[in-house]
Amino acid sequence: MDLHLNGKPLIMGILNITPDSFSDGGHFLSSESALEQARRMVSEGADILDIGGESTRPFSEPVSLEEEMERILPVIRVLAGEISVPISVDTYKSEIARAALDAGASIVNDISALSFDPNMGRLAAERDVPVILMHMKGRPKDMQVDPHYDDVIAEIKDFFRERMSFAEQQGVKRERIILDPGIGFGKTVNHNLEIIRRLGEFLSLGRPILVGSSRKAFIGKILGKEPLEREVGTNATVALSVYNGARIVRVHDVASAKETALVAGAVRAGFDG
């Protein structure tokens with residue numbers, strides 16, 4: 001499948017089928033509630049649905065393959081038969097990705113940038129699907145333990161160059177690669193702010209940029225608000241990210257982010273009616 005990445009910014013709706021995600025854990029754990037939320041996001045204008053069955057919040061622990069599959073596969077199978085927007089599977093495990101692609105997903109969103117599972121790159125190449133390579137310092141259970149960079153942008157760019165080269169060596173086509181600087185994944189508040197402020201520097205890598213800042217802790221620290229109260233702050237980061245060159249924004253509240261991204265995109269590139 002092909003994503004239209006040269007036009008208006010795309011909205012990726014987050015569907016966490018988990019009991020412990022930092023923002024909405026447990027809200028959509030049942031298949032019925034997950035499907036209802038997915039349909040709502042599509043009706044609100046989601047361009048992509050990103051479905052995950054394992055929390056990667058700071059200090060989280062992995063779940064078994066069986067449990068992760070039981071959470072996501074029934075939902076993907078139903079949605080693939082009734083919605084037209086592409087489904088992304090949020091996993092770093094090739095077994096999960098393969099089963100999800102078989103069930104109807106068409107994008108792989110890997111927080112490890114193909115580094116945790118030696119088979120993930122070959123799978124993405126074999127299926128010829130878009131793959132999102134995210135930067136993370138460490139692993140979820142330790143990534144927020146005093147993260148340090150001499151130059152956060154330069155180090156992430158170096159990481160992307162290395163992981164893009166690896167992906168291509170595995171057979172992934174360059175045009176299938178999307179880059180995510182990993183807001184909140186091994187970064188302090190000021191690292192996250194600097195990434196958004198200097199986001200345009202990643203455009204020199206020649207691949208679309210995805211930003212996932214929705215409801216993250218750095219917004220809470222700035223505003224003094226809990227996750228479900230961070231939509232205004234989230235949309236500030238959406239607007240700035242799109243203005244600075246993000247092609248995809250990954251969000252919980254699709255409707256408000258859609259409007260925010262469209263206006264920010266028009267400011268950046270003009271309005272064609």
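The values are calculated or read from the model by the stated rules, or taken from the named source; none is laboratory data. Quantities reported herein were computed from a predicted structural model and do not represent experimental measurements. All Cβ positions, even for glycine, are placed from backbone atoms using ideal geometry, and neighbour counts span all protein chains on display. Accessible surface areas use protein heavy atoms only, side chains included; no ligands, DNA or RNA. Shrake-Rupley method; radii C 1.70, N 1.55, O 1.52, S 1.80 Å.
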Counting just the residues of region 122-173 that are farther than 18 Å from GLY212 by Cα, modelled with pLDDT of 95 or more and of a type in the set (Lys, Arg), which one comes out surrounded by the fewest Cβ atoms within 10 Å (Cβ to Cβ)?
-> ARG161
For region 72-105, how many residues meet the condition of being open to solvent by less than 30 Å² (accessible area, probe 1.4 Å) and either outside any loop (DSSP other than H, G, I, E, B) or hydroxyl-bearing (Ser, Thr, Tyr) (or both)?
-> 17
Meets criteria (buried (at least 21 other Cβ atoms within 10 Å of the Cβ), at pLDDT 95 or above, within 18 Å of the chain's Cα centre (by Cα) and in a loop (DSSP other than H, G, I, E, B)) for LEU114 | yes
Among helices (runs of 4 or more DSSP H) entirely within region 205-273, at least 3 residues that are closer than 19 Å to ILE14 by Cβ, open to solvent by 20 Å² or more (accessible area, probe 1.4 Å) and hydroxyl-bearing (Ser, Thr, Tyr) occur in none
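Please tell me if LEU199 is open to solvent by less than 60 Å² (accessible area, probe 1.4 Å), under 24 Å from ARG230 (Cα atoms), within 19 Å of the chain's Cα centre (by Cα) and not aromatic (Phe, Trp, Tyr). Quick ask: steps written out before the conclusion?
Values: open to solvent by less than 60 Å² (accessible area, probe 1.4 Å): yes; under 24 Å from ARG230 (Cα atoms): yes; within 19 Å of the chain's Cα centre (by Cα): yes; not aromatic (Phe, Trp, Tyr): yes.
In short, yes.
Does region 83-121 hold any residues that are among the charged types (D, E, K, R) and in contact with a helix residue (DSSP H, G or I) (Cβ under 8 Å, 6 or more places away or on another chain), and which are they? Show your work before the answer.
Narrowing region 83-121 to residues among the charged types (D, E, K, R): 90, 93, 95, 98, 102, 110, 117.
Within region 83-121, LYS93, GLU95, ARG98, ASP110, ASP117 meet the criteria.
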Of all residues in region 93-114, which are in contact with a Lys or Arg (Cβ under 7 Å, 6 or more places away or on another chain) and farther than 20 Å from ILE48 by Cα?
-> LEU114
Can you find even one residue in region 48-60 that is polar (S, T, N, Q), at pLDDT 90 or above, closer than 24 Å to VAL238 by Cα and out of contact with any helix residue (DSSP H, G or I) (no Cβ under 6 Å at 6 or more places or on another chain)?
-> no
If we keep only residues of region 42-71 that are in a helix (DSSP H, G or I) and of a type in the set (A, V, I, L, M, F, W, C), then the residue surrounded by the fewest Cβ atoms within 10 Å (Cβ to Cβ) is LEU65
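Between ILE156, ILE178, which is closer than 23 Å to VAL249 by Cα, assigned to a strand (DSSP E or B) and touching a residue at least 12 places away in the same chain (Cβ under 8 Å)? Spell out the reasoning first.
Details: ILE156 fails: assigned to a strand (DSSP E or B).
Checking each option against the conditions leaves just ILE178.
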